[in-house]
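*Asks:* Take this structure first; my questions come after.
The values are calculated or read from the model by the stated rules, or taken from the named source; none is laboratory data. None of these values were measured; they are calculated from a predicted model. Here the Cβ positions follow ideal geometry from the backbone for every residue, glycine too, while neighbour counts run over all protein chains shown.
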């Protein structure tokens, strides 16, 4: 039973089982999701990119490692969050160069917590952690600028480098993030079942 479909990538019962403890998250299902450049890619201030070390995208389930690459336009720099040393650095450079067409790629390796076999779960944790941190920072910055009565069009977002550092004590352990993912998928299943029951 398929709970969610995006192009030809499906989330079904087998995909949900990947969130059980001790199993790897992977790209088991062949997906032909097109690479495209939405207009936001040229203007967004921060862009999150998930990187896999699969060299042959025609291979189903190819690749053995996931990492996170974050582009900060204002600084013109990429931050690499790799939970297994710098395993994906060359792939991250390739992704950055391909998507952004930049000649010079500046990738800063971060202090990402290290692990051996939970890379997919760690990427999800990094995204959640950084997203929450950025939202909190931006809300504070907007409030401060509003208090100083800075006009809306003159307001500028700035991002200090420290904002992109990770406090490893705040990253949930693999099993906690797996449970969160499984809860989200279970919610999708519940909604799917409810919509089927109405028909």
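*Asks:* Going through segment 159-178 one residue at a time, which ones are in a helix (DSSP H, G or I) and either in contact with a strand residue (DSSP E or B) (Cβ under 7 Å, 6 or more places away or on another chain) or exposed (fewer than 15 other Cβ atoms within 10 Å of the Cβ) (or both)?
*Replies:* Within segment 159-178, 161, 162, 164, 168, 169, 170, 175, 176 qualify.
*Asks:* Among the numbered criteria (1) modelled with pLDDT under 80; (2) under 20 Å from residue 124 (Cβ atoms), which single criterion is violated by residue 152?
*Replies:* All conditions pass for residue 152, except number (2).
*Asks:* Further question: Go through segment 103-137 and give me each residue that's at pLDDT below 85, more than 14 Å from residue 66 (Cβ to Cβ) and surrounded by 10 or more Cβ atoms within 10 Å (Cβ to Cβ).
*Replies:* Listed by number, the list holds a single entry, 105.
*Asks:* For segment 51-105, how many residues are out of contact with any helix residue (DSSP H, G or I) (no Cβ under 6 Å at 6 or more places or on another chain) and either touching a residue at least 60 places away in the same chain (Cβ under 8 Å) or farther than 19 Å from residue 166 by Cα (or both)?
*Replies:* The total comes to 32.
Rundown of residues vs (1) surrounded by fewer than 16 Cβ atoms within 10 Å (Cβ to Cβ); (2) in contact with a strand residue (DSSP E or B) (Cβ under 6 Å, 6 or more places away or on another chain); (3) not in a strand (DSSP E or B), yes/no style:
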position	(1), (2), (3)
68	no, yes, no
78	no, yes, no
84	no, no, yes
91	no, yes, yes
94	yes, no, yes
98	yes, no, yes
